[in-house]
Structure formats: structure tokens, C-alpha cells
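**Q** Below is one structure. I have some questions about it.
The values are calculated or read from the model by the stated rules, or taken from the named source; none is laboratory data. All values reported here derive from a predicted model rather than from experimental measurement. Neighbour counts run over all protein chains shown; Cβ positions are idealised from the backbone, glycine included. Areas reflect the complete protein model, heavy atoms only, side chains present, ligands, DNA and RNA absent. Shrake-Rupley method; radii C 1.70, N 1.55, O 1.52, S 1.80 Å.
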Amino acid sequence: MKVWQCVVCGFIYDEKVGLPEEGIKPDTAWADIPENWACPDCGVAKADFEMVEV
Amino acid sequence: MEPIIVIGSGLAGYSVIRELRKLDREVPVMLLSRDSGDYYSKPMLSNAFAQGKGAAALVQTSVVEMAKQLGITVRSHTEVHGIDVAAKRLTTTQGEPRYSRLVLAIGADPIRIPLQGDAADAVMSVNDIADYAHLREAMQGAKRIAIMGGGLIGCEFANDWAAAGFIVSVIDPGSYPLASLMPQQAGSQLRAPLAAIGVDWRFGTSVSRVDSAATGYTLTLADGSQLQADIVLSAIGLRPRIALAQTAGLAVNRGIKVDTHLRSSDPAIFALGDCAEIEGRVQPFVLPIMHAARALAKTLAGEDTAVVFPAMPVVVKTPTHPVAVLPVARDAVGVWQTLASGNGIKMAFLDAADRISGFVLTGEFAAERSEMTKRVGTPLAATGKADNIVAAESS
Ligand SMILES: Cc1cc2nc3c(=O)[nH]c(=O)nc-3n(C[C@H](O)[C@H](O)[C@H](O)COP(=O)(O)OP(=O)(O)OC[C@H]3O[C@@H](n4cnc5c(N)ncnc54)[C@H](O)[C@@H]3O)c2cc1C
């Protein structure tokens, strides 16, 4: 399981935790998040998410 | 063809270029900045300590790499002194480049109040990564930190450092935290949880003197009390940088005045980010910048586009007691209603037609942010939600 971080605002997506409040279940891989998803904090689209593995 | 020139390498400047490059790889773009031009995330400055990150670790992409990725010319450490709007030419510390269109993304200055005392100049503020590097140096060996201002930035730093074991005092002339963003019942929720990790709140007073002491500084407050600190940080607000635009004859108010197309009173000059006042509102936050950058990129690429802002909640990074808020304009007509309370509070701002037009979620309710954002614009009752109205307060 990996952790990704939004470079614009520092928002953390942890695959293990998912994002239950947005309907993304725990253990959802980054690759399985819909392409139209956007960072909940800053609105950057997934397509340009320059996320880093931390 | 003269390039599009962007002044400022913060989130606003880089975002508009990044978005433009998705639409047009060819149009020449020049970025001018008085700082290094390295790309970093400013919001991370106020939660970097707990993550064990120093200033250098916050730089995500070097200026050289940014220039390469985006296919642009960058002149860093270059300050722009003037804009000749008739000739479409800039005066800078390094040459006089001409532009076809100009984007002002020059940010804001921290507001400083005049203080008495022999150490008044030692007061720091943190609005960019260079400030942060200074601060981190000063923190070596420091134990006590005094923060002037209990707004978003003051509260975030207080949480970050108190959690790391520093003794943190927050001094604010108001009566509760985050007062410019939310009503008292909501802002007050932060008091006890942060006090529990060691934050010493001093409301209803302000700092009047800062003097050197045997170690660190002695602060004298307006109420006559004194406190000791090794570091004094001022976080009392930001003032958009308007001087450059004003001198060039552009319309300014609190910020550089632009319309929904981010266009200033000169049709070839645009502004966004912390320096801009878009249709009367200055919104110094990430989400408005991203939306403005996307619209402006389209306009620059030839498709005139107005920015449409959705509901854009602001997350206050106080992990000890998280807060999400959709602030309402200062002159908004309506009432704040408490919908639930417990370990935190959930409040909604209802406009004259009883529609939700703002909200605050703290503590256990902060996780309901996206759900609450979807309800914005709908009447409280029509959502089928069994909201228990606990109390109403008119604003
Ligand atoms: C500690 C902190 C935490 C924050 N946390 C959050 C958060 O959690 N969520 C959120 O939404 N927002 C947050 N914000 C606000 C957000 O970071 C800012 O709104 C945003 O970064 C502003 O970007 P900007 O590009 O407009 O300005 P800046 O980043 O200030 O960039 C201005 C640029 O212009 C350049 N410049 C200025 N004048 C000249 C000149 N004359 N010539 C050449 N160059 C010039 C500067 O060198 C700089 O590169 C936070 C802010 C701070 C300080």
C-alpha cells in the first residue's frame, strides 16, 4: 500500500485508508481512483496530480 | 512575437503556466520572479515541522527543472520595478523585456504593526520559503514561541509547534480563534483542544513592546502583562501587493482589480492569486487560485473564459482539532445555525431564502466536508437530512 501527496497543497492520500467520506474505500489503489477525481483540498485534477510516493 | 510574461513564481504564477501548457505548448512564455523560482507548496510551511521537514525538503522542483518541464524562459532573482503599459514593456533589475500579454501573480505582503521596544525588528513573519528557512534557523535551541494573531496561519503554526513540544502563546485582540472566518461558537471550539497540547491563549489584548531579555525577548502586552519568548512571529494578515499595478495606472482597491476574466483595467494585463481582487473579493487560498488559473489559461490560449467559482471550503490544518469552513462574505445577510455539536460543532449559514451558503465543521464533524459542500445552495430542509437545529445566531 502506498501513500501519495498532492504537490500543490500537501493533501495526503493513503491507499490503506482510502477516502471514505468521498466514497473511496480503504485499500483502493491510486490507479483505481477515477480519472475525473480531484484533490479534495485544492481541486487539482488527478491527471495532473504530481503526487509523490512518500 | 513578444512572449506572455508572468510575474511571480508562487502557486498562482506556476499554476497558470502549467494550465496554459496543457492547451498550448508553443506560445512563448517568460516567467520573472524576484525569488529563486524553485517550486514549493506554501500551505505546507505551517505543518512541515510535525512532518520533520526543513525548508530545503519543501522544495519540490527546482527552477531549472520547472523551466524544462514547462518549456519556458525563467529569469529568477529579477525584480520588476515598473510597467510601461503603452509600450508593453517592463523595467526590471535585469533588462527591459516586452510582453504581448502580462500576468501579475505577485502575491501579498504580511501586515506588520508598529511595535515599541529595542527588539521590535526581531519579530518574524512567514509568507514564503525563505522566511521559513530563517525561522527554522531561529528555532534551533528555542523553547518559547509567541504568535501574534489567532487566524488561520497563527492557529496552524500554534498546533504544529505545540505538538512538537514548544511552549506557544497566541496573542490576539479578538475574543476567539479564527474570528475572521467563522462565528464565535465555532472558533471557540479550538480553544480547549489546543490548550490541552500546551497553547497559551491571550485574547482581548495585543503586543505593544518587544525588548531583549537575558535569553530571548520580553513581550509587553497592551493589558500590561508580560511574557517571555525566544521567537516572536507576526501572523496578523496579508495585504495584496498593489504598488506595481497602481504606479502603472491600473485600477486597484484592496487588491489589483480584475473582472471575472481576470482582466485588469488594461486589456493586456491580468492578475490572479493573493495580489488580485476578483470582482471585489480577495481570496488568498489555494482553491480559488486553481480555478482562476484554469480560466485564465484558456483566455491566454485564445478562448475567452470567465472563472466560475464553485463552493470552495478552506481546511484549517489544525490536526488536534480539524476545521473546515466555507466562509461567507463580510456583508452576507443571513443567520448561523448550529446543526449538531459534540466533540466539535457543525454550523450552517442560511441566507435570506434559507439556503445553505456557508458552513463550519470542527472536530468530529470536519470529515463531513465534501457532503456539506454538495449541500451548498440547497435549502436546509429540502435535503431530507434530519439536522437537529440546536441554536440560531443572527450575524
Ligand atoms: C503558512 C501558510 C499556510 C497556508 N495554508 C493554506 C491552506 O492550507 N489552504 C489554502 O487554501 N491556502 C493556504 N495558504 C494560502 C496560500 O498558500 C496562498 O494563497 C498562495 O500560496 C498564494 O500564491 P501566490 O502565487 O498568489 O503568491 P506568492 O506565493 O506569494 O507568490 C508571489 C510571487 O511573486 C514574486 N514577486 C512579488 N513581487 C515581485 C516583483 N515586483 N518582481 C518580481 N517578482 C515578484 C515573489 O517572489 C513570488 O514568487 C497558506 C499561506 C501561508 C503563508
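**Q** Considering only residues that are within 12 Å of the ligand (Cβ to nearest atom) and buried (at least 24 other Cβ atoms within 10 Å of the Cβ), which ones fall in segment B:248-261?
**A** B:255, B:256
**Q** Suppose we filter segment B:238-289 for residues that are closer than 22 Å to residue B:315 by Cβ and in a helix (DSSP H, G or I); how many remain?
**A** Qualifying residue count, segment B:238-289: 6.
**Q** Answer with yes or no whether residue B:144 is closer than 20 Å to residue B:199 by Cα, open to solvent by 10 Å² or more (accessible area, probe 1.4 Å) and of a type in the set (Lys, Arg).
**A** Judged against the criteria, residue B:144 is a match.
**Q** Here's a follow-up. Take the residues of segment A:11-37 that are closer than 19 Å to residue B:291 by Cα and out of contact with any helix residue (DSSP H, G or I) (no Cβ under 7 Å at 6 or more places or on another chain): which is most open to solvent (accessible area, probe 1.4 Å)?
**A** This residue is A:36.
**Q** A further question on this structure: Just wondering, is there one or more residues in segment B:19-33 that are within 9 Å of the ligand (Cβ to nearest atom), assigned to a loop (DSSP other than H, G, I, E, B) and free of Cβ contacts under 8 Å to residues at least 60 places away in the same chain?
**A** yes
Okay, residues lined up against (1) outside any strand (DSSP E or B); (2) buried (at least 24 other Cβ atoms within 10 Å of the Cβ):
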site	(1), (2)
B:137	yes, no
B:187	yes, yes
B:191	yes, no
B:194	yes, yes
B:200	no, no
B:218	no, no
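**Q** Determine if segment B:41-60 includes at least one residue that is modelled with pLDDT of 95 or more, surrounded by fewer than 21 Cβ atoms within 10 Å (Cβ to Cβ) and within 14 Å of chain A (Cβ to nearest Cβ).
**A** Checking segment B:41-60: not a single residue is modelled with pLDDT of 95 or more, surrounded by fewer than 21 Cβ atoms within 10 Å (Cβ to Cβ) and within 14 Å of chain A (Cβ to nearest Cβ).
**Q** Which of (1) near the ligand (Cβ under 9 Å from one of its atoms); (2) open to solvent by less than 20 Å² (accessible area, probe 1.4 Å); (3) more than 14 Å from chain A (Cβ to nearest Cβ) is the odd one out, the single condition residue B:81 does not satisfy?
**A** (2)
**Q** Here's something else I'd like to know. Residue check: is residue A:6 within 14 Å of the ligand (Cβ to nearest atom) and at pLDDT below 80?
**A** No, not satisfied.
**Q** Can I ask one more? State yes or no: is residue B:335 farther than 30 Å from residue B:22 by Cβ and within 14 Å of chain A (Cβ to nearest Cβ)?
**A** It is false that residue B:335 is farther than 30 Å from residue B:22 by Cβ and within 14 Å of chain A (Cβ to nearest Cβ).
**Q** Another question about this same structure. May I ask you to verify whether residue B:250 is within 18 Å of the chain's Cα centre (by Cα) and either in the same structural domain as residue B:331 (by TED's automatic domain parsing) or in contact (Cβ under 8 Å) with a residue 60 or more places away in the chain (or both)?
**A** no
**Q** Let me ask something else about it. Could you grab me the full set of residues in segment A:1-18 that are out of contact with any Pro (no Cβ under 7 Å at 6 or more places or on another chain) and closer than 24 Å to residue B:43 by Cα?
**A** A:2, A:3, A:4, A:5, A:6, A:7, A:8, A:12, A:13, A:14, A:15 - these are the residues of segment A:1-18 that are out of contact with any Pro (no Cβ under 7 Å at 6 or more places or on another chain) and closer than 24 Å to residue B:43 by Cα.
**Q** So, in segment B:263-283, how many residues would count as being surrounded by fewer than 19 Cβ atoms within 10 Å (Cβ to Cβ) and either under 16 Å from the mean Cα position of the chain (by Cα) or within 16 Å of the ligand (Cβ to nearest atom) (or both)?
**A** Looking only at that region, the number is 1.
**Q** So, one more: Out of all the residues in segment B:381-390, is one or more modelled with pLDDT of 90 or more and either open to solvent by 50 Å² or more (accessible area, probe 1.4 Å) or among the basic types (Lys, Arg) (or both)?
**A** Checked against the condition, which is being modelled with pLDDT of 90 or more and either open to solvent by 50 Å² or more (accessible area, probe 1.4 Å) or among the basic types (Lys, Arg) (or both), segment B:381-390 yields no hits at all.
**Q** Looking at segment B:231-247, is at least one residue away from chain A (no Cβ under 14 Å), more than 16 Å from the ligand (Cβ to nearest atom) and surrounded by fewer than 21 Cβ atoms within 10 Å (Cβ to Cβ)?
**A** Scanning segment B:231-247, I find no residue that is away from chain A (no Cβ under 14 Å), more than 16 Å from the ligand (Cβ to nearest atom) and surrounded by fewer than 21 Cβ atoms within 10 Å (Cβ to Cβ), so the answer is no.
**Q** Let me ask something else. Could you tell me whether segment B:299-307 includes any residue that is out of contact with any Cys (no Cβ under 9 Å at 6 or more places or on another chain) and within 14 Å of chain A (Cβ to nearest Cβ)?
**A** Looking for residues that are out of contact with any Cys (no Cβ under 9 Å at 6 or more places or on another chain) and within 14 Å of chain A (Cβ to nearest Cβ), one finds at least one in segment B:299-307, hence yes.
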